[in-house]
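Colleague: Structure in structure tokens, see below.
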Amino acid sequence: MRTTVRACLATVAGLLAAALILALFLASAPARAENWTVASEDYFPPYNFTERGKRTGMDTEIVDAMLKDIGVYPVHRPMAWPEVVRAHDENEVDVAFQFFTSPRRLERGHLIGPYRVGATVLMVRSNAEIDYTRIDDLQGLRIGVVDGFEYTPEFDKSPLFEKVRSSSNVVSFRRLLLGRVDAIAGDLQVLRYLAESEGRTNSVKILPKPLAMVPRYISVPKLRADKAERLQAAYEKLKRDGSIDAIVRAWER
């Protein structure tokens, strides 16, 4: 009888030990990662670009920090800007950036932010005698713009000057250097980055008055409201504790 009791106790002890080992194993095993697809323009430094095979830049770091806060791994999908807009609007990605608010954007997505404010400016050659205080000052000029970009409603609709469209800011910048356009429109930080990276800061200048100061937003497609709520909570936390502003300051030129 004693042998039987001892055998039963040994069996129970063995089962408890096995259960404890299994529990410890499950606790130590990494949870399955949650991946979100993130769309952004392929080459838009210093906000989003690829360096040594890794996506980086001011806005990329901000989005990555927000996703990390909610335990999500970003799967970046760099593409041409019109494709970013299309992929977002057709609900093919979880997150896209960087947008500014408009009735169309509010209709198509959940806007999160603004996480920064960017200056939209005009860049001209350093020897150009061009001043800008109002839209009439641009009459007769040829101004380089990027196809698919929106600048300001007044600028976009104005018939006073010719808009010379290109596939990227890089193409517009080189056209400016070659004298094929009189000015180019773009984000202040982007145009400064281009001039520095090309070693041509002495060849160009940025006109003092900006076309606009534009708040920028991250967007989640309208059908992914649950993800938008989670990302909004992360944005509010990181904005409140200064993490987002610290990333912006680290990249500003």
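Colleague: Considering (1) surrounded by fewer than 17 Cβ atoms within 10 Å (Cβ to Cβ); (2) within 30 Å of Pro74 (Cβ to Cβ); (3) of a type in the set (Gly, Ala, Ser); (4) free of Cβ contacts under 8 Å to residues at least 24 places away in the same chain, say which one Gly199 fails and leave the rest.
Modeller: It fails just one condition, (2).
Colleague: Only one of these is touching a Lys or Arg at 6+ places or on another chain (Cβ under 9 Å) and under 23 Å from Pro82 (Cβ atoms): Val164, Val190, Val204, Val171. Name it. Break it down into steps so the answer makes sense when it comes.
Modeller: Working: Val190 fails: touching a Lys or Arg at 6+ places or on another chain (Cβ under 9 Å); Val204 fails: under 23 Å from Pro82 (Cβ atoms); Val171 fails: touching a Lys or Arg at 6+ places or on another chain (Cβ under 9 Å).
The match here is Val164.
Colleague: Pick out the one residue from Arg134, Arg192 that is free of Cβ contacts under 8 Å to residues at least 40 places away in the same chain and more than 30 Å from Gln232 (Cβ to Cβ). Write out each step before concluding.
Modeller: On the way: Arg192 fails: free of Cβ contacts under 8 Å to residues at least 40 places away in the same chain.
Criteria check complete, one pass: Arg134.
Colleague: Going through region 213-229 one residue at a time, which ones are hydrophobic (A, V, I, L, M, F, W, C) and either open to solvent by 30 Å² or more (accessible area, probe 1.4 Å) or at pLDDT below 95 (or both)?
Modeller: Looking only at region 213-229, we keep the residues that are hydrophobic (A, V, I, L, M, F, W, C), and these are 213-214, 218, 220, 223, 225, 228.
Correct list: Met213, Val214, Leu223, Ala225.
Colleague: May I ask you to say which residue of Ile62, Ile21 is part of a helix (DSSP H, G or I) and modelled with pLDDT under 95? Please lay out each step first, then the result.
Modeller: Details: Ile62 fails: modelled with pLDDT under 95.
The unique qualifying residue is Ile21.
Colleague: Among the residues in region 241-249, are any within 20 Å of Pro82 (Cβ to Cβ), of a type in the set (Val, Ile, Thr) and crowded, with 16+ Cβ neighbours inside 10 Å?
Modeller: So the first thing to find is which residues in region 241-249 are within 20 Å of Pro82 (Cβ to Cβ), and the list is none.
Looking through region 241-249, none of the residues is within 20 Å of Pro82 (Cβ to Cβ), of a type in the set (Val, Ile, Thr) and crowded, with 16+ Cβ neighbours inside 10 Å.
Colleague: Hey, does region 87-99 have a residue that's open to solvent by 20 Å² or more (accessible area, probe 1.4 Å) and at pLDDT below 95?
Modeller: From region 87-99, those open to solvent by 20 Å² or more (accessible area, probe 1.4 Å) are 89-92; that's our starting set.
When the remaining residues are screened for being at pLDDT below 95, the result is none.
Checked region 87-99: no residue is open to solvent by 20 Å² or more (accessible area, probe 1.4 Å) and at pLDDT below 95.
Colleague: Which residues, counting only those in region 165-206, are farther than 21 Å from Phe49 by Cβ and either part of a strand (DSSP E or B) or at pLDDT below 95 (or both)?
Modeller: Kept after step one, since they are farther than 21 Å from Phe49 by Cβ, are these residues of region 165-206: 165, 178-183, 202-203, 205.
Passing the criteria: Arg165, Ala183, Lys205.
Colleague: Considering (1) at pLDDT below 90; (2) open to solvent by 80 Å² or more (accessible area, probe 1.4 Å); (3) of a type outside the set (A, V, I, L, M, F, W, C); (4) part of a helix (DSSP H, G or I), say which one Gly14 fails and leave the rest.
Modeller: Condition (2) is where Gly14 drops out.
Colleague: Residue by residue through region 87-109, note down the ones that are part of a strand (DSSP E or B), in contact with a Leu (Cβ under 8 Å, 6 or more places away or on another chain) and farther than 17 Å from Pro74 by Cβ.
Modeller: The initial filter retains those residues of region 87-109 that are part of a strand (DSSP E or B), namely 95-99, 109.
Still in the running and in contact with a Leu (Cβ under 8 Å, 6 or more places away or on another chain): 95, 99.
The answer is Phe99, and nothing else.
The values are calculated or read from the model by the stated rules, or taken from the named source; none is laboratory data. No experiment lies behind these values; they were computed from the predicted model shown. Every residue, glycine as well, gets a Cβ built from its backbone with ideal geometry; the counts of neighbours run over all protein chains shown. Just so you know, the surface numbers come from the protein's heavy atoms only, side chains and all, with ligands and any DNA or RNA stripped out. Shrake-Rupley method; radii C 1.70, N 1.55, O 1.52, S 1.80 Å.
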